[in-house]
1. Once you place label points 7 Å from the Cα toward the Cβ at E35 and Q90, how far apart are they in nm?
2. Given a Förster distance of 35 angstrom, what is the FRET efficiency for R42 paired with V181, based on the Cβ-Cβ distance and rounded to 0.05?
3. Using 0.36 nm per residue, how much length does the chain from R168 to A197 gain when fully extended, once their Cα-Cα distance is taken away?
4. What percentages make up the Cα-Cα pair-distance distribution of the range 74-121 when the bins are 10 Å wide from 0?
5. Would you mind calculating the relative contact order of the range 4-124 from Cα pairs under 8 angstrom and at least 6 residues apart, reporting the percent as a whole number?
6. Filter the GluC sites (Glu not before Pro) in the range 15-53 to those in DSSP coil with at most 16 other Cβ atoms within 10 Å of their Cβ, and list the result.
7. Would you order M157, M74 from fewest to most other beta-carbon atoms within 10 Å of each residue's own beta-carbon?
8. With a point put 7 Å past each Cα toward its Cβ, work out how far R208 is from S76 in nm, to one decimal.
Amino acid sequence: MRGNYAVFGLGSFGKTLAIELSKGNNNVVVVDIDEQKVRECREYVAEAIVADVSNEEVIRELNVKEYDAVILGMSSHFEALVLAVTLLKQEGVKKIYAKASTAIQGKILSRIGVDELIQPELDVAERLSQRLTMDNIQDMFKFKDYAIAEVGVPEEMQNKTLRELDIRNRYHITVLLIKKVNGPDEDIWSPDVVLEAEDVLTVFGSRRAIESVFKQD
């Protein structure tokens, strides 16, 4: 057996990749929320699972650290893709490959920690990145109704932990990364990380929610 891989998302790309990896004498586990797609792959791979990989409990139960790499073929469900990447990083996955349908998706995925991008539609993608001039929001990339943004820490959030703020549940915004001034990027999945005045957060959520919470007059 050559390698141990997980493929999340069984569209035409994910299904083909999983089958070809299996043919190459690799151990392959596939996961998709669509039972029919999982059923169609079952005979070709070591294990086929019906599950939602944007769910934290699912990622934890999959023991993703055991795989040499996880390949995400879910570019048509971008919110789920971003959450899956974030949860995989939280669980300490060795390597993440992800399919991006557009250049902007690729830029976002690179920023949140994908190791290698697969961009079959890059040549026809429109580059949509836009720099905003609003105070406290340093950079934002939009995707439909959602956005990933680099933001400053509002005064009311300073000197508080992520556990205290509960940003995801209160505002439906996911903190993907914390950049400390004169320091390395911090692992934001420790709920006891304290936010300081000069920190820069990379967040994901609806554009409206991000602007409402982080824009300062």
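Please treat every number below as a calculation from the coordinates, not as lab data. Remember, it's a predicted structure, so these values are computed and weren't measured experimentally. Neighbour counts are summed over all protein chains in view; Cβ atoms, including those assigned to glycine, are modelled from backbone coordinates with ideal geometry.
1. Going by the 7 Å Cα→Cβ label model, 2.7 nm.
2. Details: r = 50 Å, r/R0 = 1.44.
My answer for the efficiency is 0.10.
3. Numbers: separation 29, 0.36 × 29 = 10.44 nm, distance 1.98 nm.
Gain in length upon complete extension: 8.5 nm.
4. 29, 61, 10
5. Working: 229 pairs, mean separation 26.2, N = 121.
Contact order relative to length: 22 percent.
6. On the way: sites: E20, E35, E40, E43, E47; in loops: E43.
Sparse-neighbourhood loop GluC sites (Glu not before Pro): E43.
7. Working: M157 20, M74 25.
With the sparsest Cβ surroundings first, the list reads M157, M74.
8. Taking the two extended label points, one gets 2.7 nm.
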